[in-house]
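Structure first, commentary second.
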Amino acid sequence: MIDKLRSIAIFATVIEQGTFRAAALHLGLAPSRISETVSELEKSLGVTLLYRSTRSLSLTQEGRLLYEKAQEMLIAAELGLDAINPQSSDPQGELRVTAPAFITQTEMMDRFADFCAAYPRIFLSLDFSDRQRDVIKDNYDIAIRAGWLEDSQLMNRKVGIADRLLVASPAYVERMGLPEHPKDLEDWEWIRFSMRPNQTDLTDKDGETVTVLGRSKILVNTADALFEFATRGLGVTAIPENLACRGLGRAELSHVLPEWTLKPLGLHAVWPDQSRRNNLTMTFVRFLAHHSPDQ
């Protein structure tokens, strides 16, 4: 039974890592040994678990069922280890984290680096993408979300904020005329982000909030694309402050209606309630929250 449980754990690692070679590297075993283990497991069960091709692996129906149960088994094992020593001063293991791409240009990178220095035995695997990943389906332990969280069964904790500025190229502002009020922007072209509402709320120093819809014929899925299109004079857009300051410093962008502010984006860590690496997950989340400048 012990050998079969070990084989199932190796099989689950292959699925999580995507290839036999990646699983072998992760586990410190030879790729041939990983392949043999999965083949022997299939033989002992009398079913095919994986469809193999030269470029990819895919689960059969039986493989999908076994993988779901294997995840439950591994989560239970991790929770058991955490219960024995939840306050380990030297935690170790791998954490898979996904975060928006614009994070790479913010102080959050300092916190990631400080975490790596503080916990050298934790291997941090980071995916930076403005396309929102599915934490459970894509096998991430933690996701950093930017914005305002919708109702979710995932656990979450605020770990920071990201201020935004409204910007356009100097040439575009000159062509449209300097606005005096948010409603003046209704006739401007807006460069929209696909994961944000098709409207913009601006608030003045007295607390008055005005909603602007505006026209839009460009929709993108990355903050960098918002920046690039804005610098090319294609319209006005709201981008993270770090990107805006880059453009302002190079005179590629102008701050539009600087006396009005945009609602900051909350930065939240989200993770499954029954995290497979609960001790590592909470260590990471608490570290980010504790070292957040706005805490």
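Read the figures in this text as sums done on the coordinates, not as results from a lab. Just so we're clear, the structure is a prediction, and the values are computed from it rather than from any experiment. Backbone-built Cβ (ideal geometry, glycine too); neighbour counts: all protein chains shown.
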Among Leu267, Asn242, Gln132, whose Cα lies farthest out toward the positive end of the dipole of the chain, if unit charges sit on the beta carbon of Lys, Arg (+1) and Asp, Glu (-1)?
-> Gln132
Enter the Cα centre distance for the pair the range 216-286 and the range 125-179, rounded to the nearest angstrom.
-> 5 Å
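Output the Kirkwood hydrodynamic radius of the range 2-84, Cα pairs only, in Å rounded to one decimal. Present the calculation step by step, with values, prior to reporting the outcome.
Values: mean 1/r = 0.0765 Å⁻¹.
For the range 2-84, the Kirkwood estimate is 13.1 Å.
Could you tell me which GluC sites (Glu not before Pro) in the range 159-192 are loop residues by DSSP with no more than 16 other beta carbons within 10 angstrom of their beta carbon?
In loop regions of the range 159-192 (DSSP not H, G, I, E or B), the sparsely surrounded GluC sites (Glu not before Pro) are Glu180.
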Compute the long axis of helix 278-290 from its Cα atoms, compare it with the longest principal axis of the Cα atoms of the chain, and write down the angle in degrees, 0 to 90, nearest 10.
-> 20 degrees
Rg (Å, one decimal) plus Dmax (Å, integer) for the alpha carbons of the range 141-212?
-> 16.1, 48
Two-decimal Rg to Rh for the range 214-262 - Kirkwood Rh, Cα set = 0.93
J(HN,Hα) series, the range 234-248, from Karplus relation 6.51 cos²θ - 1.76 cosθ + 1.60, nearest Hz, glycine and proline x = 9, x, 9, 7, 9, 10, x, 4, 4, 6, 4, 5, 4, x, 5
Simple spin-label model, 7 Å along Cα-to-Cβ: Met1 to Ala101 in nm?
-> 5.0 nm
For a label point 7 Å from the Cα of Glu36 along Cα→C-beta, name the residues of the range 1-18 whose backbone N is under 18 Å from it.
-> 3-11, 14
Note down the nm distance, to one decimal, between modelled labels 7 Å out along Cα→Cβ at Val47 and at Phe123.
-> 2.9 nm
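Can you list which of the GluC sites (Glu not before Pro) found in the range 207-269 are DSSP loop residues with at most 15 other C-beta atoms within 10 Å? Don't skip to the end; give the middle numbers.
Working: sites: Glu208, Glu228, Glu241, Glu252, Glu259; in loops: Glu208, Glu252, Glu259.
Qualifying residues, ordered by number: Glu208, Glu259.
Computed over the Cα atoms of the chain, what is the convex hull's projected area averaged over all directions, in nm²? Don't skip to the end; give the middle numbers.
Numbers: hull surface 75.9 nm².
Quarter of the Cα hull surface area: 19.0 nm².
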Can you run the Rg to Rh ratio on the range 205-295? Use alpha carbon positions and the Kirkwood inverse-distance Rh.
-> 1.09
Sketch the reach of a paramagnetic label on Arg232 as a point 7 Å from Cα along Cα-to-Cβ, and name the residues of the range 153-195 whose backbone nitrogen lies under 16 Å away.
-> 168-172, 189-193
Radius of gyration and maximum dimension Dmax of the range 164-263, Cα, Å = 12.1, 33
Ile218/Asp138 FRET efficiency (R0 30 Å; Cβ-Cβ; nearest 0.05) = 0.60
